[in-house]
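Have a look at the structure below before the remarks.
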Amino acid sequence: MALHSKRVSTSVLRLKKKSTAASTVGAPAQHNQSSRKGKKAWRKNVDIEDLEETLEALRDEERTLGSTLQKRTDSELFVVDTKGDDKVRKSLPRFSRASLRSHQIITHRSAVPAVYARPRKSLVSARDKERLLRIARKDRRGPLNSIVDPSQPGAGSALLELSEAVKKSGQYDVWSAETALNAGAKVKAPDVPHPRTAIALPAVPAPHAGTSYNPPEAAHTTLLLAAHEAELRRVQEAEALEATKLRILGARNADGGEGGARGMLIDKPGDDPAEDRSEREPESTNAVKHNTAVPLRKTKQQRRKAEKLRAEKHALVERTLRKRLHASVDSAKSLRKAADKTRAARARAAEERRVKREALLAQSGLAGQKLGKHVVREGEVDVQLGEELSESLRGLQPTGNLFRDRYLSMQHRALVEPRGPVLPKKQKQMVEYEKHAWKRFS
């Protein structure tokens, strides 16, 4: 037990020896010199607290006054006050128990001017600097400390010239009012009259007199004829379409049925090309022998004659063109009059077409005209036959479709664009499978 307590006391003493003294100025300090065997340990444990206190006092003077008192003159430090200052008491800080120490530290500002972070503008411009470096034949350094040649911009590792965006940087303000107005400016619409302005159809047109439950005979007959003409026109269009399809199919069958070209199929025994080849082979060989004459080379006289003939033809063509030009110059007035007449006739025809189109729009709207991929349908003629008419309101049967009539009326008045019917997609049929409970357990 005694040995154990001795060891504990020795360790406590060692810990006390290793503890360091704190400095009064806040700097780290190790003043206890345990040994002076080496210069390193001796210098480490030298006590320079008095020097640190002196330096800290000088720094405090510099923070308070802007410089140390040793650098100030007597006129700056002392003054003979022959007249008192009443504002001194107001300028002195007042003692307040509510003010915190943190607030006092924040309000206390140093008299030393702040360090200017931005580099000062060089007195020599970049262009003059480049000129001086070029005169002195100094190497220019580029990216990654590479030597560049400013005389060849863009070649290899040479410096690139400033782009237009860099040259004009700072001239465009995104947040300015003018930019906002320009960005929100609308594109001017083309001056094209809308067809709606020429349409004079009422929203709900008055029904025809023949659609009454007890119509006059003449009005009913007229409506029956209109329905007959509409149905006849529809049947004729369907027949024309069917005839076109049959014509296309007939032409396809005549060409070979399976897409072959004309003449590829052999139908008759006399049309076999092998027989014709065997019969005509001797004649064709003789014809080739007689017609394959080697052209002889022209002599100098023949070439000069051909060149002279070519020059005469060229001169004759030029003379003819010149005569036509002179004739057209002489008839310039008549050509101008003819062009003016043609232009006036075209203008009159265009005006007539415009008037006719406006009259058609005012009368029937866009009915029957094509807009985009679709054609505006004409209104259906709802009419009842003579045996279907009821002479009283009790036996009246509803005919037509009000929703269809309103939709077609909006299309005729250019309020709704024509569209094709969108059919619903077919739903996938569910297939049911029956599992064998006695065979599969999962």
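Against the condition surrounded by 11 or more Cβ atoms within 10 Å (Cβ to Cβ) and either in contact with a Gly (Cβ under 9 Å, 6 or more places away or on another chain) or of a type in the set (A, V, I, L, M) (or both), how does M430 come out, does it pass?
no
For the stretch 50-169, which helices (runs of 4 or more DSSP H) that fit wholly inside it have 1 or more residues that are at pLDDT below 80 and within 30 Å of G26 (Cα to Cα)?
The qualifying helices (runs of 4 or more DSSP H) are 101-107.
With the checklist (1) of a type in the set (A, V, I, L, M); (2) farther than 22 Å from A226 by Cβ; (3) at pLDDT 85 or above; (4) surrounded by fewer than 12 Cβ atoms within 10 Å (Cβ to Cβ) in hand, flag the one item L402 doesn't pass.
(2) is the only condition that L402 fails.
Only one of these conditions is not met by E380: (1) loosely packed, with under 12 Cβ neighbours inside 10 Å; (2) at pLDDT 80 or above. Which number is it?
Here E380 clears every test but (1).
Given the condition modelled with pLDDT of 85 or more, over 23 Å from A367 (Cα atoms) and in a helix (DSSP H, G or I), answer yes or no: does some residue in the stretch 209-217 qualify?
Scanning the stretch 209-217 turns up at least one residue that is modelled with pLDDT of 85 or more, over 23 Å from A367 (Cα atoms) and in a helix (DSSP H, G or I).
Would you please name the residue that is nearest to I199 (Cα to Cα), looking only at residues in the stretch 384-415 that are polar (S, T, N, Q) and in a loop (DSSP other than H, G, I, E, B)?
The residue in question is N401.
The values are calculated or read from the model by the stated rules, or taken from the named source; none is laboratory data. Please read these numbers as outputs of a predicted model, since none were measured by experiment. Heads up, the Cβs are rebuilt from the backbone with ideal geometry, glycines too, and the neighbour counts pull from every protein chain shown.
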